[in-house]
């Protein structure tokens with residue numbers, strides 16, 4: 001049986017109190033899970049982690065893939081894929 005774990009970066013309360021500095025990079029976060037949600041440093045868009053790839057939804061609704069070195073102050077991810085991710 002597989003372990004069902006969620007990896008959380010910081011707490012929602014910390015984010016609500018204004019702590020928006022990066023704690024981990026996107027590249028390090030993707031080592032912990034391949035599906036999840038979060039935000040980026042300085043709350044610069046909504047994070048969508050899907051099939052091992054990380055995307056940003058900006059305030060205009062535009063979706064773009066995020067560089068691996070981008071900072072993450074808050075996120076929660078889990079693992080669903082059995083194999084490696086293949087990002088576009």
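Is it fair to say residue 75 is in contact with a helix residue (DSSP H, G or I) (Cβ under 9 Å, 6 or more places away or on another chain) and surrounded by 13 or more Cβ atoms within 10 Å (Cβ to Cβ)?
Here the answer is yes, as residue 75 does meet what is asked.
Please specify each residue of the range 41-53 satisfying the condition of being more than 19 Å from residue 82 (Cβ to Cβ) and under 8 Å from the mean Cα position of the chain (by Cα).
47, 48
Taking the condition of being part of a loop (DSSP other than H, G, I, E, B) and touching a residue at least 40 places away in the same chain (Cβ under 8 Å), how many residues in the range 33-88 meet it?
Residues that pass the stated criteria total 12.
Go through the range 6-32 and give me each residue that's assigned to a strand (DSSP E or B) and farther than 15 Å from residue 73 by Cβ.
6, the sole residue that qualifies.
Values quoted throughout were computed directly from the atomic coordinates according to the rules given, and no laboratory measurement underlies them. Being a predicted model, the structure only gives us computed values, none of them experimental. Positions of Cβ are backbone-derived with ideal geometry, glycine not excepted, and every protein chain shown enters the neighbour counts.
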